[in-house]
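**Q** This is the structure I have questions about; it appears just below.
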Amino acid sequence: MTDNRAVRLAGLRDALARVDLDALLVTALPNVQYLTGFSGSNALVIVTAKECVLLTDFRYATQVEQEVGMAATVRIEPSSLWIGLWSVLQAMTGVDRIGFESAHMLHRDFSRLLDQGSRWQWRPQEDLVEVLRERKDEGEIAAIEEAVAMAQKALDTTLSRLRPGLTETGVAGILEQQLREAGSEAYPFASIVASGPRSALPHARASDRVLETGDFVLIDFGAVSRGYCSDITRTVVLGRASAQQKEVYEVVLEANRRASGAVRPEMTGMAADAVAREYIDARGFGDAFGHSLGHGIGLEVHESPRLARTVEAPLATGMVVTIEPGIYRPGWGGVRIEDDVLITESGGRVLTSFPRTLLEID
Ligand code: ZN
Ligand code: ZN
């Protein structure tokens, strides 16, 4: 496997030069993982034009060696990572203006910068690493594809066991066991299983509601492979679908198809969102699609870019985004169909292959 961490560091160094910084203090753990490979839960990374130093604690001594290799200089700190940071910075020459990740720093830690770190100039920064993470390399795409395959396998088994009388949490339990058996390292978020009228809640958690014949069952979940997430939603009907259920489902499905078929490099997030939204509007359900069309996936399940009404940034090759239109009618139910789509030179390549036609579960 090629090691792209050197490319990523070079990209970050270009960005630092552009914003006139000597260094960036990286405190967001997904950014730490992206730059160094380290997946532990306690780390600080300082990146300068020449160096990349990772500080972590004793618990990770073995893991950090295996994961990071030559990608960073590793320091195991016996006490506080911050004390280690000051001594690392003091030993560096020509490092004065240092960016910190303002969206990923506790106020307590910011106070440390002002107190103990007062000999350096600290500049708040946003998204320097997140922007680099938007476009995935081959290894990242392969990991997402693995996570998609795990999720689809788990969903297949779960649907074969779906029946009236199970609770939503019971279904989530079957799903999550199947995800583990398929090899998923974790759950990117608490799996959503929303049935009957609860399927109208776009971000419902699984509850103790008992599934009944005639229910929509909306299942939104994902798997994690080598740190990378998938994110899929399918909505099925328990028993026979009513004419109204079929009508709503077909509108969401067509909106999904149109958006998946339209996304391509240079299209703005706003334009992608509009493809699905205008169709749903035209079919008379505009008020019932209250959230945005999609979001990037990768080391985090919700990351940049976003496909939403206000987003002017263009899509680019290598981005992996979700396309997830939905229609939600309070008290009645809802439908969402979510796929993971890779932006390629020639348009969107849908990575999720799980059937999208309305499944009626006997
Ligand atoms: Zn989802
Ligand atoms: Zn999603």
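Bear in mind that the values in this text are calculations on the coordinates, not laboratory data. Note that the structure is predicted; figures quoted are calculated from it, not measured. Methodologically, a virtual Cβ is constructed for each residue, glycine included, from the backbone with ideal geometry; neighbour enumeration extends over all protein chains shown.
**Q** Kirkwood Rh, Cα Rg: Rg to Rh for segment 241-339?
**A** On the way: Rg = 13.5 Å, Rh = 13.6 Å.
Taking Rh as the inverse mean 1/r over Cα pairs, Rg/Rh reads 0.99.
**Q** Report the extension gain between residue 167 and residue 116 in nm, rounded to one decimal, defined as 0.36 nm multiplied by the number of residues separating them, less their alpha carbon distance. Could you put the intermediate results ahead of the total?
**A** Working: separation 51, 0.36 × 51 = 18.36 nm, distance 5.33 nm.
So the extension gain works out to 13.0 nm.
**Q** Right, something else. Along the Cα→Cβ direction, 7 angstrom out, place labels at residue 180 and residue 247. What is the inter-label distance in nm?
**A** Label-label distance for residue 180 and residue 247, simple model: 4.4 nm.
**Q** Right, another one. Net charge around residue 279, counting only other residues with Cβ within less than 13 Å of its Cβ (Lys, Arg = +1; Asp, Glu = -1)?
**A** Numbers: positive: 257, 258, 277, 283; negative: 250, 254, 273, 278, 281.
Around residue 279, the charge tally is -1.
**Q** Relative contact order for segment 5-133 using alpha-carbon pairs under 8 Å, separation at least 6, rounded to a whole percent?
**A** On the way: 192 pairs, mean separation 34.3, N = 129.
Relative contact order for segment 5-133 comes out at 27 percent.
**Q** Name the residue, out of 273, 287, 339, whose mean-square fluctuation peaks in a Gaussian network model built on the chain with Cα pairs under 10 Å.
**A** 287
**Q** Relative contact order for the chain using alpha-carbon pairs under 8 Å, separation at least 6, rounded to a whole percent?
**A** Values: 776 pairs, mean separation 52.4, N = 362.
Once divided by the residue count of the chain, the mean separation gives 14 percent.
**Q** Let me ask you something else. Could you compute how fast segment 258-311 diffuses translationally, taking Rh as the Kirkwood radius over C-alpha pairs and applying Stokes-Einstein at 4 °C with viscosity 1.567 mPa s? Give it in µm² per second.
**A** Working: Rh = 11.6 Å.
Answer from the Stokes-Einstein relation: 112 µm²/s.
**Q** Take residue 212, project a point 7 Å from its Cα along the Cβ direction, then tell me which residues of segment 153-171 have their backbone nitrogen under 13 Å from it.
**A** Flagged as within label range: 164-165.
**Q** Could you bin all the Cα-Cα distances of segment 5-133 into 10 Å bins starting at 0 and give me the percent of pairs in each, rounded to whole numbers?
**A** P(r) for segment 5-133, in whole percents per bin: 13, 49, 35, 3.
**Q** What ranking do 136, 153 get, fewest neighbouring Cβ atoms within 10 angstrom at the top? Each step should come with its number before you reach the end.
**A** Details: 136 23, 153 18.
Neighbour counts put them in this order, fewest first: 153, 136.
**Q** Could you put 346, 102 in order, starting from the residue whose Cβ has the fewest other Cβ atoms within 10 Å?
**A** Values: 346 9, 102 14.
Starting with the residue having the fewest Cβ neighbours, the order is 346, 102.
**Q** In square nanometres and to one decimal, what's the mean projected area of the convex hull around the Cα atoms of segment 94-146?
**A** Details: hull surface 22.0 nm².
The number I arrive at for segment 94-146 is 5.5 nm².
**Q** Still on this structure: Measuring from a point 7 Å past the Cα of residue 156 along Cα-to-C-beta, which residues in segment 210-230 have an amide N at less than 19 Å?
**A** 219-225, 230
**Q** Angle check, please: helix 81-90 long axis (alpha carbons) against the longest principal axis of the chain (alpha carbons), in degrees 0 to 90, nearest 10.
**A** Its long axis makes an angle of about 50 degrees.
**Q** Turning to a different aspect of this structure: Among 291-297, 195-201, 73-79, how do they line up from the highest to the lowest mean number of other beta-carbon atoms within 10 Å? Mind dumping the intermediate values first?
**A** Values: 291-297: 23.1, 195-201: 20.7, 73-79: 14.3.
Final packing ranking: 291-297, 195-201, 73-79.
**Q** Beta carbons within 10 angstrom, averaged per residue: use that to sort the peptides 176-188, 347-359, highest first. Mind showing how you got there, number by number?
**A** Values: 176-188: 18.0, 347-359: 16.3.
The densest-packed peptide leads the list: 176-188, 347-359.
**Q** I've got another one for you. Which residues in segment 115-150 place their backbone N less than 11 Å from a point set 7 Å from the Cα of residue 226 along the Cα-to-Cβ direction?
**A** Inside the label zone: 137-147.
**Q** Then there is this: Kindly express, to the nearest 10 degrees and within the range 0 to 90, the angle between helix 5-18's C-alpha long axis and the longest C-alpha principal axis of the chain.
**A** 70
**Q** Would you order 299, 89 from fewest to most other beta-carbon atoms within 10 Å of each residue's own beta-carbon? Don't skip to the answer; put the middle values down first.
**A** On the way: 299 22, 89 19.
Going from least to most buried by this count: 89, 299.
**Q** Around residue 142, with a cut-off of 13 angstrom between Cβ atoms, what is the net charge of the other residues, counting Lys and Arg +1 and Asp and Glu -1? Before the final figure, lay out each step's value.
**A** Details: positive: 136, 226; negative: 137, 138, 140, 145, 146.
Neighbourhood net charge equals -3.
**Q** Subtracting the Cα-Cα distance from 0.36 nm times the residue separation, let me have the gained length for residue 103 to residue 83 in nm, one decimal.
**A** On the way: separation 20, 0.36 × 20 = 7.20 nm, distance 2.21 nm.
Stretched fully, the residue 103-residue 83 segment lengthens by 5.0 nm.
**Q** Could you work out [θ]222 nm for the chain from helices alone, using -39500 (n - 2.57) per DSSP H run of at least four and dividing by all its residues? Round to the nearest 500 deg cm²/dmol.
**A** Numbers: 10 runs with 127 residues, N = 362.
The per-residue figure over the chain is -11000 deg cm²/dmol.
**Q** Something else about it: Against the globular-protein guess of 2.2 N^0.38 Å, express the Cα radius of gyration of the chain as a ratio, rounded to two decimals.
**A** Against the compact-globule rule of thumb, the ratio is 1.10.
**Q** Within 10 Å of each candidate Cβ there may be at most 10 other Cβ atoms; applying that plus a DSSP loop requirement, which GluC sites (Glu not before Pro) in segment 216-313 survive? Before the final figure, lay out each step's value.
**A** Details: sites: 247, 250, 254, 266, 278, 300, 303, 312; in loops: 266, 300, 312.
Answer by residue number: 266, 312.
**Q** With only Lys, Arg, Asp and Glu charged, each at its Cβ (+1 for the first two, -1 for the last two), find how big the charge dipole of the chain is about the Cα centre; round to the nearest 20 debye. Write down the numbers at each step before the final one.
**A** Numbers: 37 positive and 50 negative charges, 51 e Å.
Using only the charged Cβ atoms, the result is roughly 240 debye.
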